[in-house]
Amino acid sequence: MLATASTSRVLARARWIHTSSALRDEARSALEIKLRDGLKAAMKSKDKPVTTCMKTILADVVNATKSSPDPSKPLSDDGVIATLRKGIQNRTQAALSYAPDSSSSHSENYENLQKEISILQSYLPKAPSLDEISRTLSEIVQSLDKEARENKSVVGIVMKQLMEKLGEGAKGVDKKEVGKLVFDALRGNK
């Protein structure tokens, strides 16, 4: 089918709407916009490894959006952070298989994966230190009375209070790791 003049105008308008910054800023999370801007900067500077890394993680973000319960809505910052963490985890596992001390060592692939991991980690929000988390956690656990510590839902209560106290830094922490810390702290203080 041949494209007519009106069809090409409609396609051009659709392309303009899709790439307009006003629509882009409203629809996407701040972290996804930051990733897309990083891709543009890498493409302009012709940095192929960074460009490839950014394209793959953005493809992961798009796939996560399409597989979400509502594919018409873009991922929130939390969803993008989860996708970044998953990308880092996948690259870390792959890097271990190429590590110099492994049976199938390949130093070039190992170095490339390590660079990709550092690039992706630079986009994660700044997490509070382990000491800060432990200090805040011990304050919360000490403030609980004996009945509250024996309650089955105390881990959730402590997690909620901890995330509230950490504030914006809570986005940067790995909730599974913090959950283990909470569980250990509660088990040690009974």
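Taken together, the values in this text are just the output of simple stated rules run on the coordinates, not laboratory data. What you see is a predicted model; the values in this text were computed from it and never measured. Cβ: placed from backbone, ideal geometry, glycine included. Neighbour counts: every protein chain shown.
The Cβ shell under 15 Å around residue 85 holds other residues with a net charge of -1, Lys and Arg each +1, Asp and Glu each -1. For the chain, the longest principal axis of the alpha carbon atoms and the long axis of helix 5-19 meet at an angle near 20°. Give the angle, between 0 and 90 degrees and rounded to the nearest 10, that separates the Cα long axis of helix 48-66 from the longest principal axis of the Cα atoms of the chain. The angle comes out at about 80 degrees. Once the mean of 1/r is taken over each pair of separate Cα atoms and inverted, the chain shows a Kirkwood hydrodynamic radius of 20.0 Å. Using θ = phi - 60° in the Karplus curve 6.51 cos²θ - 1.76 cosθ + 1.60, the 3J(HN,Hα) couplings for the stretch 176-188 round to 5, 5, 5, x, 5, 4, 5, 4, 5, 5, 5, 5, x Hz; x is entered for Gly and Pro.
In sequence order, the stretch 74-79 has phi-based couplings of x, 5, 7, 4, 4, x Hz under the Karplus curve 6.51 cos²θ - 1.76 cosθ + 1.60, θ = phi - 60°, and Gly or Pro positions carry x. In the neighborhood of residue 165, defined by Cβ-to-Cβ distances under 11 Å, what is the net charge if each Lys or Arg adds +1 and each Asp or Glu adds -1? Residues near residue 165 contribute -1 overall.
Residue-wise HN-Hα couplings along the stretch 137-149, as the Karplus relation 6.51 cos²θ - 1.76 cosθ + 1.60 with θ = phi - 60° gives them from phi, are 5, 5, 4, 5, 5, 5, 6, 6, 7, 4, 5, 5, 5 Hz; Gly and Pro carry x.
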